[in-house]
Amino acid sequence: MNMLPETIEPITDAAGGFHPLFADVPSSVEFNKLRKRLLRLARQAIDDFSMVRPGDRWLVALSGGKDSYGLLALLLDLKWRGLLPVDLLACNLDQGQPNFPKHILPDYLNTYAIAHRIEYQDTYSVVTDKLPQGSTYCSLCSRLRRGHLYRIAREEGCSALVLGHHREDILETFFMNLLHGGRLAAMPAKLLNDDGDVMVLRPLAYCAEADLEKFAGAMKFPIIPCDLCGSQDGLQRNAMKAMLDDLEKRMPGRKDTMIHAMTNVRPSHLLDRKLFDFAALNETLSARQDIPDDI
């Protein structure tokens, strides 16, 4: 299912040439289609959720994984083409994970003259001190990381923190909440933080993880593994990923259908009384029954 309207205008290169990141990319038709698809989907999410206020500054979180590299590259590409009127600042938070290769990200960002900030905060020691041995660190680690990124955004004058969560991340979160949390909720594409001063944006909300993986390989991003601390994401999320992958294999296109469903919610067809006034239906029915038949 195509998430984009057929009338979307084609991407044009207003600035001429290309961003230095794309100097040595494959010239194949396959890669060009992949790049264009990701750009169009990112641009569609940016437009759908009114992410841009011209002149703003965005803090782009860069972990060293395929998704955050892809996010940064696509945003830089859109900006180069004159389609993203915001300033971009890449930011990596070094959390003190064992064997973290500190040189990779600064070297990469400096090579392409990408504005960035590298910050060291030893949250790894905090997590290992608070959680028993053998626990999954990801949830607490993520919360601590987010707090520091909000602080950095404020310090750098950034109105938004931009994250690389993609279609599968959103779907997995939805099913975790549905099956384990007893609620209908996912990762929003746009969210105001609790303090009300930093917007959280996810421009890759429509982008498929498989496409981002292919993109990362073609772009030859210097990937940093996400398991340096020896902890992996929770078993629940892994189970959701396996379930969705199996569903997609048996019924291709279901992931796009499910993402589309999240944009087409009908509160009157659910059971949440806070979202729809079911009691008012009685008044509506009574009012119609009082109308004389000869009118």
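At-a-glance table
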| read-out | value |
| --- | --- |
| Packing-based ranking, highest mean first, of 198-208, 158-168, 101-111, 52-62 given that Cβ atoms within 10 Å are counted | 198-208, 158-168, 52-62, 101-111 |
| Full-extension gain in nm, LEU275 to LEU179, via 0.36 nm per residue minus C-alpha separation | 32.5 nm |
| Largest to smallest accessible area among CYS226, CYS91 [probe 1.4 Å] | CYS226, CYS91 |
| Phi-based couplings in Hz for region 260-272 (Karplus 6.51, -1.76, 1.60; Gly and Pro marked x) | 4, 4, 5, 9, 9, 8, 10, x, 5, 9, 10, 10, 8 |
| Rg/Rh for region 20-290, where both radii come from Cα atoms and Rh is the Kirkwood radius | 1.01 |
| Rounded to whole Hz, the Karplus (6.51, -1.76, 1.60) HN-Hα couplings of region 55-70, x for glycine and proline | x, 5, 10, 10, 9, 9, 6, 10, 8, x, x, 4, 5, 6, 4, x |
| Computed label-point distance, nm, for sites ARG117 and ASP256 using a 7 Å Cα→Cβ extension | 3.9 nm |
| Region 149-221, accessible surface, carbon-and-sulfur percent (1.4 angstrom probe) | 52 percent |
| Sequence-distant residues sharing a close amide H with TRP58 (under 5 Å, placed H) | ASP87, LEU88, LEU89 |
| Where labels lie 7 Å past Cα in the beta-carbon direction, separation of ASP48 and ASN32 in nm | 2.7 nm |
| For region 142-147, 3J(HN,Hα) per residue [Karplus equation, 6.51 cos²θ - 1.76 cosθ + 1.60, θ = phi - 60°, Hz, x = Gly/Pro] | 5, 5, 5, 4, 4, x |
| DSSP bridge orientation in region 20-290 - percent antiparallel, rounded to nearest 5 | 15 percent |
| Dipole magnitude of region 20-290 about its Cα centre (Cβ charges: Lys, Arg +1; Asp, Glu -1), debye to nearest 20 | 500 debye |
| Contour minus Cα-Cα distance for HIS148 and GLN236 (0.36 nm per residue) | 29.1 nm |
| Under 25 Å from the Cα of LYS79 - lysines, other chains or at least 8 residues apart | LYS33, LYS36, LYS66, LYS190, LYS214, LYS220 |
| Estimated dipole of region 159-295 in Debye, rounded to 20 [Cβ of Lys and Arg +1, of Asp and Glu -1, Cα centre] | 420 debye |
| Solvent accessible area, Å² - SER142, 1.4 Å probe, full protein context | 40 Å² |
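The values are calculated or read from the model by the stated rules, or taken from the named source; none is laboratory data. Source: prediction; values computed, not measured. Positions of Cβ are generated from backbone atoms using ideal geometry, with glycine treated the same way; all protein chains shown enter the neighbour counts. Heads up: the accessible areas ignore ligands, DNA and RNA and are worked out on the full protein's heavy atoms, side chains in. Shrake-Rupley method; radii C 1.70, N 1.55, O 1.52, S 1.80 Å.
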